[in-house]
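Novice: So that we are looking at the same thing, I have put the structure below in structure tokens.
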Amino acid sequence: MNVHHKMDEADRRNRLDDMAQGVLSTPMDRPEGPLKVSGTAPYAHEAQPEGMLHGCFVRAPRLGQVTSMNADKALAMEGVHTVLHADKLLRNPCQGTANEAPVQGVRDVHYVGQPIALAVADSFEAARAAAQAVTFEITDADRNPVTPQDYETPEDKQSAQGDLDKAMRDAAVTVDQTYSTPPHNSAAMEPHASIAQWDGDRLTLRGAYQMLKYNRNELADSLGIDPKKLRILSPYVGGGFGSKLGIAQEAVGAALAARELGRPVGIAMTRQQVFEATMRRSETRQRIRLAADAEGRLSGIGHDAWVSNLPDETFSEPVTQATPFTYRGAHRHIGHHIARVSRTCAGSVRAPGEAVGITCFEIAMDELAHAAGIDPVELRKRNIPEEDPTTGKPYSSNMLAKALDAGAQTFGWDATCPAPGSRREGEWLIGQGMASAVRVNILMGSKARVTLDPDGSAVVETDMTDIGTGSYAILTQLTAEMLGLRPDQVDVRLGDTDNPPASGSGGSWGASSAGSSVFLACQGIRSRIAEQLGTSEEQLTLKDGQAIADNRSTPLGDLLNEPLESLGEIEAGDTSDKVRQATWGAYFCEVAVNSVTGETRVRRLHGTFAAGRILNPKTARSQCLGGMTFGIGMALTEELIHDPRDGHIVNRDFAEYHLPVNADVPQITVDLLEERDPWSNPMQVKGIGELGICGAAGAVVNAIHNATGVRVRDLPATLDKVLAGLD
Ligand code: MOS
């Protein structure tokens, strides 16, 4: 049976609250956890078929055009099978949800580090040696500058209402500052990897990808084959953070080489290749203008962003995504400017938009609070609008005030706001800082099949992925809850394009979208059982393998002669046109800054978040912990550095690209608020995957100001920048 639901209206039935099994919204361990920690879950490069060859990319060391290539020496080396310099090889990795081939053609070098050929050999070592032995000529060609210079200002990305200049002139308190954030890399632990295997004209690709429904079309289009002849398997993914939303160079390289050689070919990109050839987050420059009355009430907001990308790329970091609806103010201005540069492709990285946009905005709000002499928490509360101030539409829910209050209470926020630089412990200066968290909430179309067996076990099939987020866990719990089963009776099968196509993992929409399709499929099964018992789905209780109706209990096995199969499909309707949907939260941070060295230590970091119904507080909390850890990195250390001469990424490894490690991260605390958002989907669930990074760095930077009086506007707040402001 098929159950299809289009989300056009609020769904206030809260059906999940009526279920009886009691496994949903509990902190259940991941069912696949033991496989992962014992090293037996096969990640993309670990499911190696017999006779697999290894590929390694040849790196372009300069910009220009490849006019000739000589692979004779490489081909003469032991164990080397081929060197591919094919036009179909990807120049750029693919943007998320592109659904078609990205920019191909490796003869034109648009960024240093671009793969320009592929060496294939018996071992990775032999392939790498061969790649290094390939010689080529690259001649000068017209290329964009490596440092952003000229900016395009696309009309559809600008907006304004009222008169911001006048609001600024009339305001009692204003802020007009420019902030900057550096480029970032997703830095997933698992490097990009694919294994391609042909059987006649059919291709199976084991890859590490986030959105298989799109990835299949992207790869098929890149190769010029029918998507129906392509199966992608992605059961385990070691982190994506946006860099695996679309296919990357290794998928196409492995497929082309495997076809030419008639043998399976696997490519695991090296860490350096991941850094310089897969997605980066664009650097941003942001001018933020705030106009407020003496009580800190905003009358005007201006947010201009300058970002960059390669030519022919449609993506540009949506820095101002949440600015139109977060705070009040009748006079508003949004600007967006894009420079074309010869740098690694810019795409989605860890909450594109809000991660850097809200962060800088929340630093500006801290400046406003300081200028107006108002507690930063109170300042935010005074500026929470009744409705979306740009569109006039109602919020589906707005939990910002609750998160601010609850977070301040838990953290022990000092609302008297001690003066900057007034707390000292020996040579350490102590300060507190806070920031709001905001992220748009999105529902995407998704399908799943659920089959209930007479023996009381159930199978869930969808091409949804689990990129470390907990998809296996929450879909197991959801199914067990809906069908009255133990979690160990539910087998969730993900990451296979032969299964019904899901939303994929990205944009924080995975749990709500893929979850809704599983919810609907389960409802179909419940309806069928209810029908058999002569009752309605609403009157039916399923618990511990029993169907209970009219006070009579029947074992599920007695009701089913054969497996009961149900396909659920959620479709995004026009709820997002009717209401403004977002997730909300607040961060509170205490830092100690060394007055001699300028070193910042984060001592405490707390986050309170609201994202609708929480399906599993353990996996949800883990998402927030990860986001806040990235926030510490964004605030203090994380920065891709492009050489100003040729644009190449200088720090392309984990030794020089500083992600926070255990010693940098205190015991982070996370609280999740109870919420039901009826506009989100039939489960009242919203996305929580990226909420924890959207503004977190702002709390850290604001705490540095409170500790020292030094206002860092150019992230990250490295020692030199803090020290420069200390007396
Ligand atoms: Mo995300 S950056 O949409 O995986």
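Nothing in this text is a laboratory measurement; each read-out follows from the coordinates by a stated rule. Keep in mind the model is a prediction, meaning the values are calculated, not measured. Virtual Cβ from ideal backbone geometry, glycine too; neighbours counted across all protein chains shown.
Novice: Return the sequence-ordered ³J(HN,Hα) values of the range 676-690 in whole Hz as given by the Karplus equation 6.51 cos²θ - 1.76 cosθ + 1.60 applied to θ = phi - 60°, using x for Gly and Pro.
Specialist: Coupling constants for the range 676-690: 10, 9, x, 7, 6, 4, x, 9, 6, 9, 10, x, 10, x, 10 Hz.
Novice: With the contact rule set at Cα under 8 Å and sequence spacing of 6 or more, what percent relative contact order holds for the chain?
Specialist: Value for the chain: 18 percent.
Novice: I've got another one for you. How do 30-36, 369-375, 518-524 rank on mean C-beta neighbours within 10 Å, highest first?
Specialist: The most tightly packed comes first, giving 518-524, 369-375, 30-36.
Novice: Here's something else I'd like to know. If each of ASN551 and ASP414 carries a label point 7 Å out from its Cα toward its Cβ, how far apart are those two points in nm?
Specialist: Each label point is offset 7 Å from its Cα along the Cβ direction, giving 6.3 nm.
Novice: As an exercise, take the mean of 1/r over every pair of distinct alpha carbons in the chain, invert it, and state the Kirkwood radius in angstroms.
Specialist: Result for the chain, one decimal place: 26.8 Å.
Novice: For the range 331-337, what does the Karplus curve 6.51 cos²θ - 1.76 cosθ + 1.60, with θ = phi - 60°, yield as ³J(HN,Hα) per residue in whole Hz, taken in order and with x for Gly and Pro?
Specialist: Once rounded to whole Hz, the list reads 9, 9, 8, 10, x, 9, 9.
Novice: How much length is gained if the chain between ALA294 and ASP8 is pulled fully straight, taking 0.36 nm per residue apart and subtracting their Cα-Cα distance, in nm to one decimal?
Specialist: Here the answer is 98.7 nm.
Novice: Here is a follow-up. If you place +1 on the Cβ of every Lys and Arg and -1 on the Cβ of every Asp and Glu, how big does the dipole about the Cα centre of the chain come out, in debye to the nearest 20?
Specialist: Dipole size: approximately 540 debye.
Novice: How long is the gain from ASP558 to ARG676 if the chain were fully straight, where each residue apart is worth 0.36 nm and the alpha carbon distance is subtracted?
Specialist: Stretched out fully, the ASP558 to ARG676 stretch lengthens by 38.9 nm.
Novice: If you don't mind, another one. Given R₀ = 60 Å, what would the calculated FRET efficiency be for ARG601 paired with GLU78, taking r from the Cβ atoms and rounding to 0.05?
Specialist: Once rounded, the FRET efficiency stands at 0.70.
Novice: What is the list of residues in the range 333-349 whose amide nitrogen lies under 20 Å from a point 7 angstrom out from the Cα of ARG169, following Cα to Cβ?
Specialist: 333-334
Novice: Further question on the same structure: Where the centre of each part is set by its Cα atoms, how far does the range 315-348 sit from the range 495-510, in angstrom?
Specialist: 27 Å
Novice: With an 8 Å Cα cut-off and a minimum separation of 6 or more residues, compute the relative contact order for the range 514-657 in percent.
Specialist: 14 percent
Novice: Please sort 315-328, 220-233, 187-200 by packing, taking for each peptide the average over its residues of neighbouring beta carbons within 10 angstrom, highest first.
Specialist: 315-328, 187-200, 220-233
Novice: Separate question: Counting pairs of alpha carbon atoms under 8 Å apart in space and at least six apart in sequence, what relative contact order in percent does the range 232-363 give?
Specialist: 27 percent
Novice: Using DSSP, restrict attention to beta bridges with both residues in the chain and report what percent are antiparallel, rounded to the nearest 5.
Specialist: 75 percent
Novice: Among CYS56, CYS694, which comes first, then next, by fewest other beta-carbon atoms within 10 Å?
Specialist: Going from sparsest to densest Cβ surroundings: CYS56, CYS694.
Novice: Work out the FRET efficiency for THR147 and THR314 from their Cβ-Cβ distance, taking R0 = 22 Å, and round it to the nearest 0.05.
Specialist: 0.50
Novice: Mind jotting down a quarter of the surface of the convex hull over the alpha carbons of the range 283-364, in square nanometres, one decimal?
Specialist: 5.4 nm²
Novice: Please compute, over every Cα-Cα pair in the range 162-312, the percentage with a separation greater than 19 angstrom.
Specialist: 63 percent
Novice: Sticking with this structure for a sec: With each run of n ≥ 4 DSSP H residues scored as -39500 (n - 2.57), what mean residue ellipticity at 222 nm is computed for the chain after dividing by its residue count and rounding to the nearest 500 deg cm²/dmol?
Specialist: Per the formula, -7500 deg cm²/dmol.
Novice: Can you compute 3J(HN,Hα) from phi for each residue in the range 617-627, using the Karplus curve 6.51 cos²θ - 1.76 cosθ + 1.60 with θ = phi - 60°, rounded to whole Hz and x for Gly and Pro?
Specialist: x, 6, 5, 5, 4, 4, 4, 5, 4, x, x
Novice: If you don't mind, there's one more thing I want to ask. Sorted by mean Cβ packing within 10 Å, highest first, what order do the peptides 69-75, 608-614, 449-455 take?
Specialist: Packing proxy ranking, top to bottom: 608-614, 449-455, 69-75.
Novice: Using the basic label-point model (7 angstrom from Cα toward the beta carbon), what is the VAL37 to LEU533 distance in nanometres?
Specialist: In this crude label model, VAL37 to LEU533 measures out at 3.7 nm.
Novice: Using amide H atoms built in the peptide plane, which far-off residues or other-chain residues are under 5 Å from HIS658 H to H?
Specialist: It is GLU639, by chain and number.
Novice: What is the calculated FRET efficiency for ALA724 to ASP544, with r their C-beta to C-beta distance and R₀ = 56 Å, to the nearest 0.05?
Specialist: It comes to 0.30.
Novice: Around ALA20, which amide H atoms from residues at least 5 apart in sequence, or from another chain, sit under 5 Å from its own amide H, with H modelled in the peptide plane?
Specialist: It is LEU542, by chain and number.
Novice: If you don't mind, another one. When the dipole is taken about the Cα centre of the range 266-404, and only Lys, Arg (+1) and Asp, Glu (-1) are charged at their Cβ, what size is it in debye, to the nearest 20?
Specialist: That gives the range 266-404 a dipole magnitude of about 200 debye.
Novice: Sticking with this structure for a sec: Any chance you could check the Cα centroid distance between the range 107-125 and the range 29-82 for me, in angstrom?
Specialist: 11 Å
Novice: Please compute the modelled spin-label separation between THR26 and GLN48, points set 7 Å along Cα→Cβ, answer in nm with one decimal.
Specialist: 4.1 nm
Novice: Amide H neighbours of ASN70 under 5 Å, counting only residues 5+ apart in sequence or on other chains, H built in-plane at 1.01 Å?
Specialist: THR135, PHE136
Novice: Please report, to one decimal in angstroms, the Kirkwood hydrodynamic radius of the range 526-587 built from all distinct Cα-Cα pairs.
Specialist: 14.8 Å
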